[in-house]
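Quick notes on the structure that follows.
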Amino acid sequence: AHNFDVLTLNNVNIICRDGLEYLRTMSKVDLIYIDPGRRDNAGRKTVRIEDCTPDILEIEDLLEEKADIAMIKLSPMLDISLALKSLKNISHVHIISVNNECKELLFIKDKTGDRTRFHCVNIQNSRTDIFTFYKDEEESVKTNYGLNLGKYLYEPNASILKAGAYKRIAEFFELDKLHISSHLYTSDILEEAFQGRIFLIFNTLT
């Protein structure tokens with residue numbers, strides 16, 4: 001209430017009661033934002049969806065009944081692929097990083113979407129990089145693998161790596177991937193717009 005007052009957001013209604021109890025009795029709304037607790041009874045941090053409070057998996061149907069869209073905030077340590085297998089109707093996943101450190105994951109639950117779109121966001125002091133792609137695009141991309149190092153070496157930012165855009169990023173910036181298990185890329189032409197770190201290679205040792 002204090003923060004809303006400071007921000008002069010006077011049209012916010014604050015209700016202090018059990019959240020699940022309120023969810024079951026409230027009228028349908030456009031959007032629900034939910035940030036489940038990530039600590040167990042001993043105060044230790046949790047990562048898995050089913051270890052959070054409340055367990056989103058147990059109230060998925062209720063969320064869909066009460067809102068057209070649900071925005072679910074989850075741990076940045078969560079395995080996104082496993083989460084997508086557990087959660088239903090996820091149309092968007094936002095991976096939010098600040099200065100190349102992954103901070104939050106936001107899953108958008110929306111029945112209207114039949115494809116999951118990833119939004120890789122890296123907020124920096126001077127700019128914000130955003131890279132978007134569909135999950136099925138990453139699975140279908142054919143990657144070029146470089147037999148030799150080019151003049152430049154590239155390392156994607158934390159959000160792109162967390163999202164698993166290992167092949168899509170190479171295709172988008174026309175880079176050669178060094179190895180199927182190494183998420184480093186190379187080129188002879190500098191791609192200044194690349195979203196991540198760029199190194200100039202002076203020498204190679206064998």
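Quick rundown of the values:
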read-out: Filtered residues of region 47-69 (kept if outside any helix (DSSP H, G or I) and in contact (Cβ under 8 Å) with a residue 40 or more places away in the chain); value: Asp68, Ile69
read-out: Val141 aliphatic (A, V, I, L, M) and over 15 Å from the mean Cα position of the chain (by Cα); value: yes
read-out: Out of Ile95, Ile14, Ile49, Ile72, sole residue that is in contact with a helix residue (DSSP H, G or I) (Cβ under 7 Å, 6 or more places away or on another chain) and at pLDDT below 95; value: Ile49
read-out: Answer from Leu106, Leu74 - the residue that is open to solvent by less than 30 Å² (accessible area, probe 1.4 Å) and among the hydrophobic types (A, V, I, L, M, F, W, C); value: Leu74
read-out: Failed criterion for Asp30 (all others in (1) in contact with a strand residue (DSSP E or B) (Cβ under 9 Å, 6 or more places away or on another chain); (2) free of Cβ contacts under 8 Å to residues at least 12 places away in the same chain; (3) open to solvent by 90 Å² or more (accessible area, probe 1.4 Å); (4) of a type in the set (Asp, Glu) hold); value: (2)
read-out: Number of the condition not met by Asp79 [criteria: (1) under 23 Å from the mean Cα position of the chain (by Cα); (2) touching a residue at least 24 places away in the same chain (Cβ under 8 Å)]; value: (2)
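Here is a yes/no grid of residues against (1) touching a Phe, Trp or Tyr at 6+ places or on another chain (Cβ under 9 Å); (2) farther than 23 Å from Ile80 by Cα; (3) among the hydroxyl-bearing types (Ser, Thr, Tyr):
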| site | (1), (2), (3) |
| --- | --- |
| Gly146 | yes, yes, no |
| Ala158 | no, no, no |
| Tyr166 | no, no, yes |
| Glu174 | no, yes, no |
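The values are calculated or read from the model by the stated rules, or taken from the named source; none is laboratory data. The structure presented is a predicted model; accordingly, all values stated were derived computationally and were not measured. Glycine gets a Cβ as well: all are built from the backbone with ideal geometry, and neighbour counts include every protein chain shown. The area values use the complete protein model at the heavy-atom level, side chains included, leaving out ligands, DNA and RNA. Shrake-Rupley method; radii C 1.70, N 1.55, O 1.52, S 1.80 Å.
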